[in-house]
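Data first, discussion second: the structure below is written as structure tokens.
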Amino acid sequence: MPVMHQASSLDSTLTLLQIPSLLADERGFLPETPSRAEAPELIVAPAVTYGQLRACSGLVRRMYAWRGYRLAPNRLQPADPNHVTIGAWLDGELVATATASRDSAAGLLADGLYKDEMAKLRGQSRIVCEVTRLAVDLDCHDPELLNSLFLAIYQYVRAVFGGTELVIEVNPRHAGYYRRTMGFQQIGGLRTCPRVDAPAVLLHRTLGNIHY
């Protein structure tokens, strides 16, 4: 599998590395990531170590608490092939994270509120994936950060999960942003999500084109 590099509009480096299917000896041949001393370095990659996963969970807890959201326990297992946690590190500091999940016999979290809508998405040759546990550090104000994180998610979901559809539950206040900048469309009406005790709508986009 080729390594995916994408130049970031942060004038820094966006790198999606550590894909599980890459063997350790293959990683030794990965090209060096270019960087410039005067520009911040952004690295977007799957969290694979205990420390990285703990940092991502900590950021989610802090940001959810700040917004007054309830946070359900994270029961995802790091070795589960249907889930990946992706983090964004700016000059070595974690500034954003999200978890992507592939549909399986266990279903997806969005099935809880949007069973009918999710059933319509599933079909022959379709692989539905979901984004959850999204958090961005309040001190990181660059508007391109979220785009960089989602572009890495799209790349991973397409290349590793074989995903064709992506859904996310968001607060209705933010739905317009996802529609305008990331190509999502609303397919589920306003509900109250019991996992976070907050209003939500269901958004969807196909992954035929990962650019936005």
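The values are calculated or read from the model by the stated rules, or taken from the named source; none is laboratory data. No experiment lies behind these values; they were computed from the predicted model shown. Quick reminder, even Gly has a Cβ in these numbers, built from the backbone with ideal geometry, and neighbours come from all protein chains shown.
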May I ask you to say which residue of LEU71, LEU108 is at pLDDT below 90 and of a type outside the set (Val, Ile, Thr)?
LEU71
Answer yes or no: is there a residue in the stretch 178-191 that is over 23 Å from ALA45 (Cβ atoms), touching a residue at least 40 places away in the same chain (Cβ under 8 Å), out of contact with any strand residue (DSSP E or B) (no Cβ under 6 Å at 6 or more places or on another chain) and of a type in the set (Lys, Arg).
no
State which residue pairs qualify: first residue more than 18 Å from GLY92 (Cβ to Cβ) and without any contact (Cβ under 8 Å) to a residue 40 or more places away in the chain and inside the stretch 53-66, second residue among the aliphatic types (A, V, I, L, M) and in a helix (DSSP H, G or I) in any location, beta carbons under 9 Å apart, and separation of 6 or more residues or different chains.
none
Tell me which helices (runs of 4 or more DSSP H) are completely within the stretch 104-212 and hold 2 or more residues being in contact with a helix residue (DSSP H, G or I) (Cβ under 7 Å, 6 or more places away or on another chain) and surrounded by 15 or more Cβ atoms within 10 Å (Cβ to Cβ), or say none if there are none.
144-156
Listed by first then second residue, the pairs whose first member lies in the stretch 144-173 and is over 23 Å from ALA200 (Cα atoms), whose partner is of a type in the set (Asp, Glu) and crowded, with 21+ Cβ neighbours inside 10 Å, with beta carbons under 8 Å and at least 6 positions apart or on separate chains, are none
